[in-house]
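Participant: Have a look at the structure that comes next, please.
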């Protein structure tokens with residue numbers, strides 16, 4: 001059977017993965033075998049998500065009714081039901097529903113009514129709390145397929161330490177990453193000298209190590225010096241796979257979805273208030289605004305280095321008329337040509353504009369020149385992929401250490 005749970009946490013605490021880890025142990029104590037623990041990230045743009053928009057799925061063997069009863073009691077006990085936006089869902093099915101609902105939940109949006117239809121067709125045991133929105137993620141979790149998969153080891157704190165400052169030795173995290181990269185990633189941000197894998201929210205997670213296998217995340221965790229973690233759970237997950245990205249076309253993007261779009265740079269980047277960088281790309285007559293926000297740090301310099309005429313692929317989430325960049329590929333670099341008023345051929349002084357489409361005029365001697373001076377600069381960027389730093393990376397975004405971005409997978413796993 002497959003047990004799906006979603007939406008038990010809140011900004012004030014709790015964590016759906018923690019509840020799932022505890023559930024795995026409660027099920028085993030009741031004689032129900034748990035053969036896989038799966039962490040499923042859904043559309044990062046969902047308006048009602050709590051933090052990382054994660055649901056969990058446990059593959060188990062035993063009595064479905066007993067598992068449903070144990071899981072429901074645990075949700076009653078641990079979910080932060082006092083939060084208005086916490087609306088848990090619990091699902092138990094003996095066979096996985098078709099994966100279309102999962103892909104819709106990762107790349108688009110779903111309604112509770114759609115989830116109920118899927119569950120009814122699957123003969124599922126299901127329970128929703130409050131407005132039942134968590135049934136969407138719980139259904140997507142049991143319908144999930146992972147043609148590309150990664151692993152995350154999540155260490156959880158003792159209950160009496162929830163909400164207190166975490167005790168994790170900073171240098172040991174950097175050492176763990178150095179010893180296991182590229183088989184693990186995003187534990188730290190070396191360029192910005194920041195520990196990434198230790199959260200700052202009041203939830204039960206002590207730290208999380210992401211990597212390519214259970215062995216590698218375990219090896220990294222074994223090098224971290226920290227407060228005691230009574231529970232450590234390894235999850236198989238769609239994190240770091242670009243499962244949320246689909247091919248898109250400039251002028252035909254839908255709000256709240258995530259795309260990879262081929263285009264041509266139309267204008268040079270500009271830096272606005274707060275250090276946010278904006279650049280416009282085009283496809284024919286259609287234009288698209290792309291944003292690299294201040295938290296992306298050095299990635300903004302990549303965007304600033306682009307020149308009109310560059311052929312690019314831009315990847316990110318489309319929200320409120322702009323694509324929020326997660327990564328970018330420079331396919332072909334154009335000549336970096338800038339124009340400025342020419343020098344006067346008579347007196348050698350820099351000329352000024354004589355008016356729109358009237359060329360240039362020398363203020364000193366009155367001489368006129370029709371065309372501006374072209375200045376071709378060497379490029380500070382070469383073709384290739386570029387990504388935001390670990391501090392700004394979304395859970396689903398595939399780090400380049402794993403290879404080039406992967407668009408939607410159609411096969412099942």
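One line per residue, one yes/no per condition, for (1) under 23 Å from residue 317 (Cα atoms); (2) outside any loop (DSSP other than H, G, I, E, B):
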position: 90; (1), (2): no, yes
position: 118; (1), (2): no, yes
position: 130; (1), (2): no, no
position: 144; (1), (2): yes, no
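Participant: Does the range 395-413 hold any residues that are at pLDDT 95 or above and assigned to a loop (DSSP other than H, G, I, E, B), and which are they?
Facilitator: 395, 396, 397, 398, 399, listed by residue number.
Participant: In addition: Tell me the strands (runs of 3 or more DSSP E) entirely within the range 310-394 that contain at least 2 residues that are out of contact with any strand residue (DSSP E or B) (no Cβ under 6 Å at 6 or more places or on another chain) and more than 26 Å from residue 283 (Cβ to Cβ).
Facilitator: Per the criteria, no element qualifies.
Participant: Please find, among 341, 345, the residue that is modelled with pLDDT under 95, farther than 30 Å from residue 39 by Cβ, more than 16 Å from the chain's Cα centre (by Cα) and surrounded by fewer than 16 Cβ atoms within 10 Å (Cβ to Cβ).
Facilitator: Every option except 345 fails the conditions.
Participant: Inside the range 100-122, can you point out the residues that are over 18 Å from residue 257 (Cβ atoms) and either crowded, with 19+ Cβ neighbours inside 10 Å or touching a strand residue (DSSP E or B) at 6+ places or on another chain (Cβ under 7 Å) (or both)?
Facilitator: 115, 118, 119, 122
Participant: State which residue pairs qualify: first residue at positive phi and inside the range 110-131, second residue at pLDDT below 95 in any location, beta carbons under 8 Å apart, and separation of 6 or more residues or different chains.
Facilitator: Qualifying pairs under 8 Å: 130/81; 130/86.
Participant: Quick check on the range 31-53: of everything there that is modelled with pLDDT under 95 and crowded, with 21+ Cβ neighbours inside 10 Å, which residue is nearest to residue 396 (Cα to Cα)?
Facilitator: Going through the qualifying residues, I end up with 53.
Participant: Oh, and also: Under 7 Å between Cβ atoms, which residue pairs at least 6 apart in sequence (or on different chains) link something in the range 348-360 that is on the phi > 0 side of the Ramachandran plot and free of Cβ contacts under 8 Å to residues at least 60 places away in the same chain with a partner that is assigned to a loop (DSSP other than H, G, I, E, B) and surrounded by 10 or more Cβ atoms within 10 Å (Cβ to Cβ)?
Facilitator: Filtered contacts from the range 348-360: 359/370.
Participant: Just to be sure, is residue 102 at pLDDT 95 or above, more than 30 Å from residue 223 (Cβ to Cβ) and in contact with a helix residue (DSSP H, G or I) (Cβ under 8 Å, 6 or more places away or on another chain)?
Facilitator: Yes.
The values are calculated or read from the model by the stated rules, or taken from the named source; none is laboratory data. Just so it is clear, the structure is predicted and the values come from calculations on it, not from any experiment. All Cβ positions, even for glycine, are placed from backbone atoms using ideal geometry, and neighbour counts span all protein chains on display.
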